[in-house]
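*Asks:* To start, I am sharing the structure in question, which I have written as structure tokens.
The values are calculated or read from the model by the stated rules, or taken from the named source; none is laboratory data. Because the structure is a prediction, the values reported are computed rather than measured. Reconstructed Cβ throughout: ideal geometry from the backbone, glycine too, with neighbour counts over all protein chains shown. For accessibility, only protein heavy atoms count, side chains too; no ligands or nucleic acids. Shrake-Rupley method; radii C 1.70, N 1.55, O 1.52, S 1.80 Å.
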Amino acid sequence: YISNSDVGRYNDIVVDDNGVPHFVFYDATTTNLWYGSLDSQGYFFFEIVADTEDSGSHCSIDIDPYGRLHVSYFFLPYEDLNHMIRDGSGWHSIGETVDSSGRGKYASIAADSSGYPHFSYADEYTDNLRYARQVDDYNWSSEAIDPNSGTATHSSIAIDSYGWPHVSYYTNATNDLKYA
């Protein structure tokens, strides 16, 4: 385990086809987003995904069919939902702010069979749950899932074998678990 004064908030985990766990978490002490996994000897290793101050809260991780890791996180200074990818060359951003201006807390990420990421997340300015997806290498699509959710929080997204998104979420308006 990691012992520090305030490490591990907003953690998420995914397990690859070889049974290796990959996880992300927010370190409130350094205000950075971290990634951890096991090396070939079975020891844990850790690296910073995003080292910009106040980046990494509300993070989520998934792995695509090509073995690339996708991470979503909330970047506090601009209140943006951001996306990072880890491939053979390490972690990088492709200039990908998925949504901005108070959108992106309580996000969940899932990669589809083409390797494109999909997101469910809260929009705190309009008090609704949103869905975004990457439609090609340069374009994004987003829409409201539940415009009456009253700041839907703690969403989770999964993509089925047909490419359809499924989202479960908690709505503060009625204190209910919902499915879309």
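*Asks:* Across the stretch 53-80, what is the total count of residues that are at pLDDT 80 or above and over 30 Å from GLY19 (Cβ atoms)?
*Replies:* The number of residues fulfilling the criteria is 1.
*Asks:* On the basis of being in a strand (DSSP E or B) and at pLDDT 85 or above, does TYR170 make the cut?
*Replies:* Against the criterion (in a strand (DSSP E or B) and at pLDDT 85 or above), TYR170 qualifies.
*Asks:* State the number of residues belonging to the stretch 132-155 that are modelled with pLDDT of 90 or more and surrounded by fewer than 16 Cβ atoms within 10 Å (Cβ to Cβ).
*Replies:* Counting residues in the stretch 132-155 that are modelled with pLDDT of 90 or more and surrounded by fewer than 16 Cβ atoms within 10 Å (Cβ to Cβ) gives 0.
*Asks:* Give me the pairs: first residue in the stretch 9-38 and open to solvent by 60 Å² or more (accessible area, probe 1.4 Å), second residue among the small types (Gly, Ala, Ser) and not in a strand (DSSP E or B), beta-carbon distance under 7 Å, and six or more apart or on different chains, which are they?
*Replies:* ARG9/ALA28; THR29/SER5
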